[in-house]
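Visitor: Below you'll find the structure I mean.
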Amino acid sequence: GDLKYKQKKGIPQSEQIITSQPDITVYQRHKTDEFIVIACDGIWDCMKSEEIVDFVKSRHKKQSNSSISAEIFDKIISPNPGLSKGIGTDNMTCLIISL
């Protein structure tokens with residue numbers, strides 16, 4: 001349905017409105033870092049970075065990463081896409097990596 005946004009002639013793939021090339025930011029790791037959360041934009045549409053960090057941090061020592069991800073999905077996936085106008089229904093991937 002949205003292919004017209006993905007195939008503009010004369011524009012490199014990295015500059016298309018929708019692209020498979022990710023934005024990458026490099027940060028220095030700290031000894032106190034406990035985990036990394038890698039997620040699709042659908043997750044960030046529903047929760048702010050600080051919310052995700054607080055959510056994961058409060059559970060990280062007690063639960064598996066997969067159960068924390070499942071709780072995130074339970075919290076944000078929309079039960080009614082019509083009412084949420086699609087928020088909480090698309091691009092919902094979340095990976096938590098323990099350090």
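Visitor: Look at the range 54-68 and say how many of its residues are open to solvent by less than 90 Å² (accessible area, probe 1.4 Å) and part of a loop (DSSP other than H, G, I, E, B).
Guide: Residues flagged as open to solvent by less than 90 Å² (accessible area, probe 1.4 Å) and part of a loop (DSSP other than H, G, I, E, B) within the range 54-68 amount to 5.
Visitor: Considering only residues that are surrounded by 13 or more Cβ atoms within 10 Å (Cβ to Cβ), at negative phi and not in a helix (DSSP H, G or I), look in the range 78-94 and name the one that is modelled with the highest pLDDT.
Guide: Cys94
Visitor: Okay, next question. Only one residue in Glu15, Glu34 is on the phi < 0 side of the Ramachandran plot and modelled with pLDDT of 85 or more. Which one?
Guide: Just a single option satisfies the conditions, and that option is Glu34.
Visitor: Give me the pairs: first residue in the range 69-95 and free of Cβ contacts under 8 Å to residues at least 12 places away in the same chain and farther than 25 Å from Lys57 by Cα, second residue polar (S, T, N, Q) and surrounded by 11 or more Cβ atoms within 10 Å (Cβ to Cβ), beta-carbon distance under 6 Å, and six or more apart or on different chains, which are they?
Guide: That search, which allows pairs on different chains as well, returns Pro81/Thr89; Ser84/Ser78.
The values are calculated or read from the model by the stated rules, or taken from the named source; none is laboratory data. In this text, all values refer to a predicted model and were calculated from it rather than measured experimentally. Quick reminder, even Gly has a Cβ in these numbers, built from the backbone with ideal geometry, and neighbours come from all protein chains shown. Ligands, DNA and RNA are excluded from the accessible area calculation, which covers all protein heavy atoms including side chains. Shrake-Rupley method; radii C 1.70, N 1.55, O 1.52, S 1.80 Å.
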